[in-house]
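First up is the structure itself, then whatever we jot down about it.
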Amino acid sequence: MNRDEYQAMIRRLEAKSAASPAAYRKSVALFAAVGYAYFLGLFAMNALLALMGIAIFCALVASGGFAGLRIVLVLVAGCGVVAWLMARALLVRFPKPEGIYLRPDDAPKLFELIRETEERLDAKPVQNVVLTSELNAAIVQSPLFGLFGPQSGYLLLGLQLMQALDPEEFRAVVAHEFGHYSGNHGSFAARIYRSRITWTRFWESYAENPRRGSRLITGFLRWFAPRFDARAFVLARANEYEADRCAADMVGAETTARALMRVSISAIRSTKEFWRPLGEGVKSLDEPPRDVYRKAAAYYRGLGADDSAIDALDKSFKSATDYSDTHPGLADRVAALGFDARGVPEDLAPLAARLRYAAQIAAPNPLLPLPLRRTAAEEYLPGNGEEFARRLSEEWHESSWLVWQEMRCKLAEARTRLAELESRIGDHPLTVDERLERASIIETIEDSGPALELYREILAEDPPSAVAHFHVGRILLDGGDADGIASLEEAVLLDRHLTPDACELAIGFLRERGLNSEGESWLRRHDDYEELCDAALAERNAATPDSDYLPPTLDPSETSSVVEAAKRAGKIGKIWAIRHDIKTFPEQHSHVVVIKLKRRFFAIESEADPQRIAGRVVDEAEVRSTFLVVAAWDARWAWERTAKKVEGSLIYSR
């Protein structure tokens, strides 16, 4: 099911829900029951297979019919293997959320707030409270056995969220999260909300980690998951409004609206004003900062109701409700709480006028968040949260250290390469690729301004450069210039393989400005490209030894990367590379890498598995073209005979 079909289904279901809410809820419940019944049936079949094997074995032993014992043992073993594979496929364990697991003694006031919220909203208590580093909060329910079994509840509270909100606003956010599981506004929607999240996590687990013996499961999920998700989407969105009403019951509609606005403002501003400059520090600092979340606390405290806050709020109000997320747009959520959430008119340029207007848009109460007097971290965490900020900062430092050092090394290499390129400018003109490389390096180590001029110089002399068009568009959009859209259009026309990156940039820019219809056209373009990629992948994977092949066109670095990846994966005898052009993307050369493994009689099974070795080569080899890897032991293997016939195909021989 593609995006258009999914969204069309949601629209039809929304109409059904509006026409008859009770009947719609019943239909969703019945559809959910189908999913659970299917998996309960698999569990029952699994148990039946195991019991049948045991019963047959016991009956045969009791009757003394040992003549057929060997056959029965084979049948029992077969039943056992099938039962084990099905049980292994069904019992999915979700990883525990990462963060600092808090006990009541660690933050008494915080746990007092949590218990009060659970009682007032008649919500199911959570078993774990986890302090994360995020500017976010969530409740996660993890069933013990995939879809079934007792559930463990995790309340995830972001330290940045507590640093960015005042105590009452934080109470509103906590109440919103428990509102998803509240019995005060109807328990059915809360159950469907939980069920949708569980099914989504279950399906994502299978998509990321396919399991042996799971064809019956993946086939059903491929049909069931998107259809249930669409049905539950309608109720899940309604549940977001219900959760906001729960928060309003706890702390008032004004405080709830102000909390929503402050979170939106903080998210937009911190990305640009805090995290981006922090990342730029790699150019001058030998290691990442050790006190990042202490700095974050000071940053959020310094945010006020200034021009930047109004610009961020305006962007949030313009971000309309769509089908990419069950969360409604900020304007709709604030309006549902009883306040006007119009955007700030562009003609109100002076700061004083904009501030007055921002205070009026939510009449009778001005909602624009004012500077913080006391933060939720200071109110609910001991020692103003300093110790938790220190611990999370140390974790961030440790997790970022290796990446930071790699970036430092790349910057040093980039400076050396830039000096080399610039030393050659006087001798002879650089090629287009070298000029693009020079512009990219200058943007990395200096700034985007000089790089933009270099990209434009390339376009002036060589208009067909798709890469130059793309980078011009990217830099313009990053600076808020809508002319970047036209540059991205040119880039995609010249090189369709730039479509995913161009679409991501264009969609983000357009949605920030409330131009959702224009964003939808880029979404459709992205989906069309993804369909082509799927077709190309199917065509590539359909290659057989009887297909037509040509000599490889891998450059020396790509050949070396394939060979080294194969040698790391296992004991290799020979490697061939043969070119297999596909019709979907004729401009891209696709290759088949044929690996003959060196036989080892006492090899560990996982080390000698051809599929595992082929998968590692696909993951680790750095090759610009698409490629298929096949590996086997047999010296008379058909792929080997085919590869040997192609001139220049042998790229490694032990």
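Just so it is clear, none of the values below were taken in a lab; they were calculated from the coordinates. Model, not experiment: these values are computed from the prediction. With ideal geometry, Cβ positions are generated from the backbone for all residues, glycine too; neighbour counts draw on all protein chains shown.
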Checklist entry - Roughly how many debye, to the nearest 20, is the charge dipole of the range 397-508 about its Cα centre, given +1 on each Lys and Arg Cβ, -1 on each Asp and Glu Cβ, and no other charges? => result 220 debye
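How large is the dipole of the range 261-300 about the Cα centre if only Lys and Arg carry +1 and Asp and Glu carry -1, each at its Cβ, rounded to the nearest 20 debye? Spell out each step's value before the answer.
On the way: 8 positive and 5 negative charges, 46 e Å.
My answer is approximately 220 debye.
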Item to check | Listed peptides 120-129, 234-243, 32-41 by packing density, highest first (mean Cβ within 10 Å) | outcome: 234-243, 120-129, 32-41
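Pull out the extension gain between R654 and K598, defined as 0.36 nm times the separation in residues minus the alpha carbon to alpha carbon distance; nm, one decimal.
Numbers: separation 56, 0.36 × 56 = 20.16 nm, distance 0.91 nm.
So the chain would gain 19.2 nm between R654 and K598.
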Checklist entry - Rounded, prolate or oblate: which fits the range 536-579, taking a ≥ b ≥ c as square roots of the Cα gyration tensor eigenvalues, rounded meaning a/c under 1.5, else prolate when a/b beats b/c? => result prolate
Checklist outcome for this item: Pseudo-spin-label distance C58 to R373, built 7 Å along Cα→Cβ, given in nm, is 7.4 nm
Next on the checklist: Out of the GluC sites (Glu not before Pro) in the range 434-465, which ones are loop residues according to DSSP with at most 16 other C-beta atoms within 10 Å?
Outcome noted: E446
Checklist entry - Excluding D291 itself, what net charge comes from residues whose Cβ is under 11 Å from its Cβ, given Lys and Arg +1 and Asp and Glu -1? => result +2
Checklist outcome for this item: Projecting the Cα atoms of T444, I475, L488 onto the charge dipole of the range 441-490, where Lys and Arg contribute +1 and Asp and Glu -1 at Cβ, the residue farthest towards the positive end is L488
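Sort the following peptides by mean Cβ neighbour count (other Cβ atoms within 10 Å, averaged over residues), highest first: 111-117, 273-279. Numbers along the way, then the final one.
On the way: 111-117: 16.9, 273-279: 13.9.
Peptide ranking by packing, descending: 111-117, 273-279.
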Checklist outcome for this item: Distance in nm between K645 and E461 label points, each 7 Å along Cα→Cβ, equals 4.8 nm
Item to check | Cα gyration tensor category, rounded, prolate or oblate, for the range 414-570 with a/c compared to 1.5 | outcome: oblate
Checklist entry - In straight Cα distance, which aspartates and glutamates are under 16 Å from K26, not counting same-chain residues fewer than 8 positions off? => result E14, D229
Item to check | Shape category assigned to the range 505-654 from the gyration tensor of Cα positions, a/c cut at 1.5 | outcome: prolate
Item to check | Distance violations [Cα-Cα > 18 Å] among K410/K567; K16/K318; K596/K645; K567/K596; K567/K645; K567/K644 | outcome: K410/K567; K16/K318; K567/K645; K567/K644
Item to check | Label point distance in nm, D483-S152, each placed 7 Å from Cα along Cα→Cβ | outcome: 5.6 nm
Checklist entry - What do you get when you divide the Cα radius of gyration of the range 520-606 by 2.2 N^0.38 Å, with N the number of residues? => result 1.42
